[in-house]
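Written out below as structure tokens is the structure these notes cover.
Readers should treat all values here as calculations from the given coordinates under stated rules, not as data from a laboratory. Treat the numbers as computed from the prediction; the structure is a model and nothing was measured. Cβ atoms come from the backbone with ideal geometry, glycine included; neighbour counts cover every protein chain shown.
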């Protein structure tokens, strides 16, 4: 099933936030997701199992750098349907 998700990553604590966010987005791109980057969130589209797996992997990788919050909204009614 194809889905669309809106995702935001919020690194917490001291440090350079933009580098962590850029790396998170790069991980999503490198994994082959269709991604539309916005100022406050990004939209990803693709197969449901792929999106959840890729987001999980990217979040785990970022979490090794420090605390973070990831906000995710998922819809099974994507504009392309």
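Take the Cβ atoms of residue 16 and residue 48, set R0 to 35 Å, and the FRET efficiency comes out at 0.60. Helix-only arithmetic for the chain: the sum of -39500 (n - 2.57) across DSSP H runs with n ≥ 4, divided by the residue total, places the mean residue ellipticity at 222 nm at -12000 deg cm²/dmol. Connecting C-alpha atoms closer than 10 Å in a GNM of the chain, tell me which of 57, 22, 14 has the biggest fluctuation. Highest fluctuation among the options: 14. For the chain, the Kirkwood radius over C-alpha pairs fed into Stokes-Einstein at 10 °C and 1.306 mPa s yields D = 124 µm² per second. Remark: relative contact order (the stretch 1-56) = 45 percent; criterion is Cα-Cα distance under 8 angstrom and separation of 6 or more residues.
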